[in-house]
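Step one of this worksheet: look at the structure below.
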Amino acid sequence: MTVKAKEVLDGKFWIVEDEGVRVGTLSVAEDKFMFSGSDGTRFYDNENQLKKRFGKDMLWAKLNITETNVKDNLEIHGFPTSTRPFNSMYDVKRKLPLFTKSEKSKSLYCAGYYIIHFDKGWVKSFCPKLITVERYETRGPFKTEIEMRQELSRANTK
């Protein structure tokens with residue numbers, strides 16, 4: 001049995017596979033690991049707990065959390081961003097941290113995690129466009145993915 005974590009977002013999100021078959025996802029927020037699979041969601045405080053869960057055969061390339069990974073996180077006003085932010089600002093009226101993705105861009109994005117209510121239900125979103133947040137019912141911003149998932153769970157139960 002060979003378990004492998006394929007990195008999707010640098011130092012933040014992985015797809016976990018067991019001999020090429022996807023068994024779940026792994027994410028990290030505030031130095032805690034969250035594994036979501038067919039048997040639910042579980043939280044782990046450190047890498048050793050993950051090794052106990054998946055065995056020592058798991059390929060851990062780029063899975064270590066280091067101080068440089070934490071410092072390299074891109075953020076605006078305490079909220080994470082998906083890319084290097086330009087023209088950062090804070091909309092005081094709507095309490096939204098805003099940025100553009102390039103120096104000359106006119107499209108504004110909202111930093112942080114959100115849940116957005118579309119016709120088919122609530123969905124999660126990371127750094128959505130401001131126009132999407134204006135057009136649809138939203139909740140956020142949240143500083144971590146875990147906070148956003150908790151609110152998404154509450155919204156879906158109502």
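Some observations on this one:
- Checking each residue in segment 110-144 for being touching a Leu at 6+ places or on another chain (Cβ under 8 Å) and assigned to a loop (DSSP other than H, G, I, E, B) picks out only Ala111.
- Residue within segment 102-124 that is crowded, with 16+ Cβ neighbours inside 10 Å and polar (S, T, N, Q) present: no
- For the condition polar (S, T, N, Q), not assigned by TED's automatic domain parsing to the domain that holds Val28 and not in a strand (DSSP E or B), Ser107 qualifies.
Matching residues to (1) β-branched (Val, Ile, Thr); (2) assigned by TED's automatic domain parsing to the domain that holds Leu152; (3) touching a Lys or Arg at 6+ places or on another chain (Cβ under 8 Å):
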{"position": "Phe79", "(1), (2), (3)": "no, yes, yes"}
{"position": "Thr83", "(1), (2), (3)": "yes, yes, yes"}
{"position": "Asn87", "(1), (2), (3)": "no, yes, no"}
{"position": "Tyr90", "(1), (2), (3)": "no, yes, no"}
{"position": "Arg94", "(1), (2), (3)": "no, yes, no"}
{"position": "Ser102", "(1), (2), (3)": "no, yes, no"}
{"position": "Tyr113", "(1), (2), (3)": "no, yes, yes"}
{"position": "Phe126", "(1), (2), (3)": "no, yes, no"}
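The values are calculated or read from the model by the stated rules, or taken from the named source; none is laboratory data. These figures come from a predicted structure and were not determined experimentally. Neighbour counts are summed over all protein chains in view; Cβ atoms, including those assigned to glycine, are modelled from backbone coordinates with ideal geometry.
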